[in-house]
Amino acid sequence: MHYVSSGQGEAVLLIHGLFGNLDNLKNLGSVLQQQHQVIRVDVPNHGLSEHWDNMDYPQIADAMIDVLDDLHIKQAHVVGHSMGGKIAMAMALLHPERIKSLVIADIAPVTYTPRHQTVFAGLTSLVLNSDTTRKSALAHLINAGIDEPTSQFLLKNLQRTDSGFEWKMNLSGLIQSYDRIIGWDLPLVGNDHFDKPALFIRGGESNYVTTEYRDEIMRQFPHASAKTLNGTGHWLHAQKPEIFNRIVSEFIEQNQG
């Protein structure tokens, strides 16, 4: 798995969401690396990491533990946004001895209904050839019903080749794994909850973490605390980075040692 490690101190692993890459949480990493070893990863099927035909949370959690092993890290604080938050929670439930604390950004440990059909339709219908430009690709995605900020974000996955462009991400693998990405089905081995500190941060204008999910959050993460970042949606870390970074930094500082 592709990752970047910087800084020294207690380790913090940062995990991005669907369609993202390790740069998504780079701003947070720059703040944390002043006092911590920060590891930013490309999740499989994203960025420069390997492509898997099928991916699920137990597999990815194990792969993240392999990264910690590769760096000789016994325990880490883990921060995850969206899909990355589910990966972080899977790590905590399946490998609790390796996790010091969790920060989960705008996601809950539940199964969601599909909500990316328009995005997948726009991406799969985009023809990538020698005539494709970033401008034409952006126009295609917007015409497919994807808002411009999301379209711009998705197009960060385009990379230039000799014959035009190709996707860095494994689009077919993500489509094939989508039911498992929005699902929450862990083969727990005698461990259905995580007894260490966890912080859930939700966007005030997001519908990813609602009151109906509170019981499941508290059942699986009984020591969880929660914060709402008003004036933000699902991309809370990008919309109010200074406040988000401060909340995460303070929580990790409180749970060192």
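A few notes on this one:
- Sorted by Cβ neighbour density within 10 Å, fewest at the top, the residues Thr124, Thr232, Thr211: Thr211, Thr124, Thr232
- Global geometry of segment 117-176, whether rounded, prolate or oblate, following the gyration tensor of its Cα atoms and the 1.5 cut on a/c: oblate
- Ranking of Ile175, Ile104 by count of other Cβ atoms within 10 Å, fewest first: Ile175, Ile104
- Approximate spin-label separation Ser136-Ile175, in nm, with each point projected 7 Å along Cα-to-Cβ: 2.1 nm
- For segment 14-151, the relative contact order works out to 19 percent when only alpha carbon pairs closer than 8 Å and six or more residues apart are counted.
- Estimated dipole of the chain in Debye, rounded to 20 [Cβ of Lys and Arg +1, of Asp and Glu -1, Cα centre]: 560 debye
- Charge dipole of segment 117-176 (Cα centre as origin; +1 on each Lys and Arg Cβ, -1 on each Asp and Glu Cβ, all else neutral): 120 debye, rounded to the nearest 20.
- Lysines with Cα under 16 Å of Lys156, excluding same-chain neighbours fewer than 8 positions away: Lys26, Lys135, Lys168
- Across segment 117-176, C-alpha contacts under 8 Å between residues 6 or more apart give a mean separation that, scaled by the residue count, equals a relative contact order of 35 percent.
Bear in mind these aren't lab numbers, they're just calculated from the coordinates by the rules spelled out. Here the structure is a predicted model, which means the values were calculated and not measured. Counting neighbours? That spans all protein chains shown, and the Cβs are built from the backbone with ideal geometry, glycine included.
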